[in-house]
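Every number in this text was worked out from the coordinates using simple rules, so none of it is lab data. Since the structure is predicted, the reported quantities are computational estimates derived from the model, not experimental observations. Virtual Cβ from ideal backbone geometry, glycine too; neighbours counted across all protein chains shown.
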Amino acid sequence: MGKILMKGNEAIGEAAIRAGCLNYFAYPITPQSEVAEYLSHRMSEVGGLFLQGESEVAVGYMIFGAAGCGERVFTTSSSPGVSLMSEAISYIAAAQCPAVFVNIMRGGPGLGGILPSQADYFQATKGGGHGDYRMLVMAPASVQEAAEMIMMAFPLAEKYRNPVMILGDGLIGQMMEPVEFPEHLKSEPTNKDEWATNGMDARKSSRRNLVKSLFLDPVKLNENNLILKEKYERMKREEIRYEAYNINSDYNILIVSYGTMSRVCKTAIDNLKEEGIEVGMIRPQTLFPFPENAVFEAASKKECIMALSIEMSMGQMVEDVERCVHGKCPVRWYGKCGGEVPTPEEIVDVVKSYLS
Amino acid sequence: MNISLDGIVVVVGNYGSGKTEISINLAANRKHAGIDVSIADLDLVNPYFRTREARKQLSELGIGVILPPDRYLHADLPILTPAVAGLIRKPSTLAILDVGGDKVGANVLAALADALDGKAYRMLQVINPFRPFTDTLKGCMKIKGEIEKASGMSINGIIGNANLIDDTNAGMIYDGYDFVTMVSKDSGLPLEFITVPAWLYDEIDMNRFLCPLLVLQRQLVPPWKKAAVL
């Protein structure tokens, strides 16, 4: 099948089906509602299930239930909805169930607005819910990448028995771009007989599986947290993804930016290059695990006088950039978080202000 | 062959078929031809990339732009300003109604039924065969039926808008033309015009087409690109 023109939200829905996920629970919220709209047609065509929950809280636990039964399952929402799901995400991580969550971010806090934002970085990477858990978080910068990350997310969730989040800003959901769904990213659900409550008859076993997040024995709870910690450390070793842009030039400023914001930065970097000003960029594709070494090495280049975290938030990822730069150069933030996306011209002016 | 549309023109189609891009460019095209043009943004279902994004350029051209009040411009609320009914009752030489996608978007037309009652109109369905659900005749007719049912109005023409945005090539324009020609013949709906992006125009063999062509100066661009001059 060749390329077709899709809205990001439609491509996310289609990619999940192509990835073999036939269970979708959701509650509508702008700017993500087209995923539900699209899957309301498509799930019935492919024999899958779409159930609209009565709230995002309910949806979170529908996901937990289906994942605990060993089914491939996912949901999509936007910022306030993900806040409501965060309790269930904590339970799902604690019970080690694989599931995929998509957050098409809008401006916050509170009800905020419906325009694009990246202000849920902390919520996604540091845990919106309680307890010591992490999600593997991927951040697409195009509709094509959103489709591919969705297709990758299901096997990754199963590899780690852990929730995976695709974190896109509103533009990712709303913009239209050509997209195709790579055959090589299709995957079969893994065998979950070892742990899932998928029925003793179904797995021809006399052993009862138990999916739970309650560990009243402090030793057992600590053991469970150590198991989770080891998984997160393994993610750091095996799952870091990033794109380096103009990184072989003699740049004085390093930009760190992700999602659609990074595409604005690319245009700015190209425009600056025409004026003889070199700027490099690291674009994290995984926000957890964060590309720590890539940022450190890029900021350690001797000509680099500053790392600039550019994000549609009031400065969240900048804390990870500071952590990774290890004082090799000063770190600054630039961004907006009302729904207005900074323009290439603004980025050019910010870069120049630090060079003058 | 020039586009000769006037009167009330209602632009409908499935989500993302290109209704707004076409409405804006059609307004500019007809204004440049010297006629009096107004455009109303009736897209109550799409939160981003609406006619309102191009209002500055349209206003500067002297095109009347009817939008919800400023304070609601970024709300996802179904606000239908009374000025739309006013435009239908006293239309400019060409009055373009840019309607939201699918049957959901077309619901708004039912709310304008009183104003539209007895008025002659052209209701044109935009078709991009590179979009899901409209890559077959059956798919196009299903969307047509749903929009007609929701709006209580009849589609009486089609617009071919074959494109993959920046990945569009001449072959796609020709294939798209053949597709909408087939849809036109089968359905009996006249093919009003097809579109081609301005940057591709020089590569297109115009002799292949038996309908007018609207050259699109792209307006609905992401923040890292610049809208073309209308």
- [ ] Specify whether the C-alpha gyration tensor of the stretch A:83-193 places it in the rounded, prolate or oblate class, a ≥ b ≥ c being the square roots of the eigenvalues: rounded for a/c under 1.5, otherwise prolate if a/b is larger than b/c and oblate if not.
- [x] oblate
TODO: Could you order peptides A:41-51, B:17-27 by the average number of other Cβ atoms within 10 Å of their residues, highest first?
DONE: B:17-27, A:41-51
Open item on the list: Pairwise over distinct Cα atoms, reciprocal of the mean inverse distance: report the Kirkwood radius of the stretch A:242-355 in Å, one decimal place.
Closed with: 13.6
Task: Filtered GluC sites (Glu not before Pro), the stretch A:303-339: DSSP coil and at most 15 other beta carbons within 10 Å - done: A:GLU303
Task: Distance violations [Cα-Cα > 18 Å] among A:LYS7/B:LYS19; A:LYS266/B:LYS226; A:LYS126/A:LYS266; A:LYS266/B:LYS225; A:LYS159/A:LYS192; A:LYS7/B:LYS142 - done: A:LYS126/A:LYS266; A:LYS7/B:LYS142
TODO: For peptide A:323-334, compute the average count of partner chain beta-carbon atoms within 10 Å of each residue's beta-carbon.
DONE: 0
Open item on the list: Inside 10 Å of the C-beta atoms of B:164-175, what's the mean count of C-beta atoms belonging to other chains?
Closed with: 2
- [ ] Sort out for me the Cα centre separation of the stretch A:72-111 from the stretch A:284-344, rounded to whole Å.
- [x] 25
Task: Theoretical gain in end-to-end length, A:HIS130 to A:GLU345 [0.36 nm per residue, Cα-Cα removed] - done: 73.4 nm
Task: Within chain A, helix-based [θ] at 222 nm, where runs of 4 or more DSSP H residues each add -39,500 (n - 2.57), nearest 500 - done: -12500 deg cm²/dmol
Task: Candidates A:ILE89, A:ILE114, A:ILE227: whichever shows maximal mean-square fluctuation once chain A is modelled as a Gaussian network with Cα springs under 10 Å - done: A:ILE227
Task: Linear extension gain, B:ALA120 paired with B:LYS90, 0.36 nm per residue minus alpha-carbon span - done: 9.6 nm
- [ ] Could you work out the Kirkwood radius for the stretch B:7-216, taking every pair of different alpha carbons, averaging 1/r and inverting it, reported in Å?
- [x] 17.2
TODO: Just round it to a whole percent: the fraction of Cα-Cα distances in the stretch A:4-238 exceeding 23 Å.
DONE: 45
Open item on the list: Can you give the local net charge around B:LYS225? Use residues other than it whose beta-carbon is closer than 10 angstrom to its beta-carbon, Lys and Arg +1, Asp and Glu -1.
Closed with: +2
Open item on the list: Using the basic label-point model (7 angstrom from Cα toward the beta carbon), what is the B:SER154 to B:SER59 distance in nanometres?
Closed with: 3.9
Open item on the list: Taking the 0 to 90 degree range and rounding to the nearest ten, how far is the long axis of helix A:33-45 tilted relative to the main principal axis of chain A, both from C-alpha atoms?
Closed with: 40
Task: Over the protein assembly as shown: Kirkwood hydrodynamic radius from C-alpha pairwise inverse distances, Å - done: 25.4
- [ ] Among B:GLY100, B:GLY157, B:GLY188, determine the one that fluctuates most according to a GNM of chain B built with springs between C-alpha atoms less than 10 Å apart.
- [x] B:GLY188
Open item on the list: Given the DSSP H assignment, sum -39500 (n - 2.57) over each helix run of at least 4 residues in chain B and divide by its residue total; what's the result at 222 nm in deg cm²/dmol, nearest 500?
Closed with: -10000 deg cm²/dmol
- [ ] Please sort by residue number the trypsin sites (Lys or Arg not before Pro) in the stretch B:106-157 whose DSSP state is loop and whose Cβ has at most 13 other Cβ atoms within 10 Å.
- [x] B:LYS119
- [ ] Using a 10 Å cut-off on Cβ to Cβ distances, tally the other chain neighbours for every residue of A:173-182 and report the average as a whole number.
- [x] 4
Task: GNM result for chain A, Cα springs below 10 Å: residue of A:SER40, A:SER205, A:SER187 fluctuating most strongly - done: A:SER205
TODO: Report the residues of the stretch A:215-252 in range of a label on A:SER187: point 7 Å along Cα→C-beta, backbone N strictly under 18 Å from it.
DONE: A:231-242
